[in-house]
Amino acid sequence: DTADSGAPTIFDKIIAKEIPSTIVYEDEKVLAFRDINPQAPVHVLIIPKIRDGLTQLGKAELRHADILGHLLFAAKLVAEKEGIVDGFRVVINNGAEACQSVYHLHLHVIGGRQLKWPPG
Ligand code: 5GP
């Protein structure tokens, strides 16, 4: 989808394990799994297990600060686990103009090749 309707997303089904994913990290608050359409040798998505209104970063409120920090720390753990901790990128696409397609907040952890900057 290209708009934030607040409706459940495919990620709810991934959290519920109703559709399969390749999980690379999980704790009580977040789930990290491989992107189905990887843009680099390592491309992992990290999501909060409870969306709690966080359809996109632009909807964040102060009460979300803990989970936002937890997601970012999980990105570092995933980068270590994937062997890319010395060179990786963390991306959040926010809204249609940034090509957000799933309205359940997620971090992209990308690496395993030389990345370009600016990304375009
Ligand atoms: P966005 O464009 O919203 O920042 O990123 C959404 C990402 O979710 C895309 O990179 C897309 O490939 C990924 N994605 C969409 N559906 C699925 C799915 O069913 N499984 C997995 N593993 N990734 C998905």
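Values as computed for the structure displayed
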quantity	calculated
All positions within the range 1-28 that are touching a residue at least 40 places away in the same chain (Cβ under 8 Å) and either of a type in the set (Gly, Ala, Ser) or surrounded by 14 or more Cβ atoms within 10 Å (Cβ to Cβ) (or both)	Ala3, Asp4, Ser5, Gly6, Ala7, Thr9, Ile10, Phe11, Asp12, Val24, Tyr25
Residue under evaluation Leu71, criteria (1) within 16 Å of the ligand (Cβ to nearest atom); (2) surrounded by fewer than 20 Cβ atoms within 10 Å (Cβ to Cβ); (3) without any contact (Cβ under 8 Å) to a residue 60 or more places away in the chain, criterion not met	(2)
Matching entry among Ile14, Ile36, Ile19, Ile47 (being near the ligand (Cβ under 10 Å from one of its atoms), part of a helix (DSSP H, G or I) and not acidic (Asp, Glu))	Ile14
Residues being surrounded by 10 or more Cβ atoms within 10 Å (Cβ to Cβ) and either of a type in the set (S, T, N, Q) or part of a loop (DSSP other than H, G, I, E, B) (or both) - total across the range 100-120	10
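Laboratory data are not the source of any read-out in this text; all were calculated from the coordinates shown. As the structure is a computational prediction, the values presented were derived from the model and not from experiment. Backbone-built Cβ (ideal geometry, glycine too); neighbour counts: all protein chains shown.
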